[in-house]
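What follows is calculated from the coordinates using simple rules that are stated; it is not laboratory data. Note that this is a predicted model, so its numbers are computed, not measured. Cβ sites come from the backbone with ideal geometry, for glycine too, and all protein chains shown count toward neighbours.
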Amino acid sequence: MLWGGHSGGLELRKRASGALALRGRFPYNKRAVLSDGGRTGRPRKEVIASRAFAYRVDRPDEDIHFLVGHSYDRPLASRGAGSLDIQDSDDALTFEATISAEMQEVSYVRDFLTGLAAGLIMGISPGFRIPPPRTVPDAETVEEEDPSEGTALIRTVKQALLYEVSAVTRPAYPQAQIEARDWQTDAMPELAAMATALKRWRA
């Protein structure tokens, strides 16, 4: 499984039912540094092209999960369960996850919401696989960076199999930080109160 992260935003709203709706956006065509090359190697960069994840996203029967930290032991929502809606466009992959009131009582979900309220979980990162060349010959390409910009090798992911999207503390790419100023803050006071209560409980 490969992981990546790009600049995006996460929007949080609380519904009348008590469920939380989390909306995220993962923009395409953003270049990220995966490795600086160390002392002797060459830097490596990556770009995920428009609609690279379309194969599984466009098939409603293909289950896709929303996880904490790429862990299937910590699911927040899934398309198969009817709690994740995910859409693709030329500009970005967008999703909305519904976290029910019951799920909010689960310990790892409470931990996630506490980290979210504290501004500690700030990244969006997809988990995907590249299809084999026998199936999709041009799923990815590697090229030299423009010498005027540097000496990196740049991999462009053109087609990939998306299995999950995760909320992460530190995404693979610096651009993957979730900016708090982009959030809708309807539910944030309650999440902040939850964080305070959990700190008291753990003390």
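Some values worked out for this structure:
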{"quantity": "Alpha-carbon centroid distance for the pair region 71-119 / region 128-146, whole angstrom", "calculated": "29 Å"}
{"quantity": "For region 149-157, Karplus couplings with θ = phi - 60° (6.51, -1.76, 1.60), whole Hz, Gly/Pro x", "calculated": "9, x, 10, 6, 8, 10, 9, 10, 8"}
{"quantity": "Pair ALA118, THR151: separation of 7 Å Cα→Cβ label points (nm)", "calculated": "4.2 nm"}
{"quantity": "Per-residue Cβ neighbour rank within 10 angstrom, fewest leading, ILE99, ILE48", "calculated": "ILE99, ILE48"}
{"quantity": "Gain on full stretching of the segment that runs from ASP36 to SER17 - 0.36 nm per residue minus C-alpha separation", "calculated": "2.1 nm"}
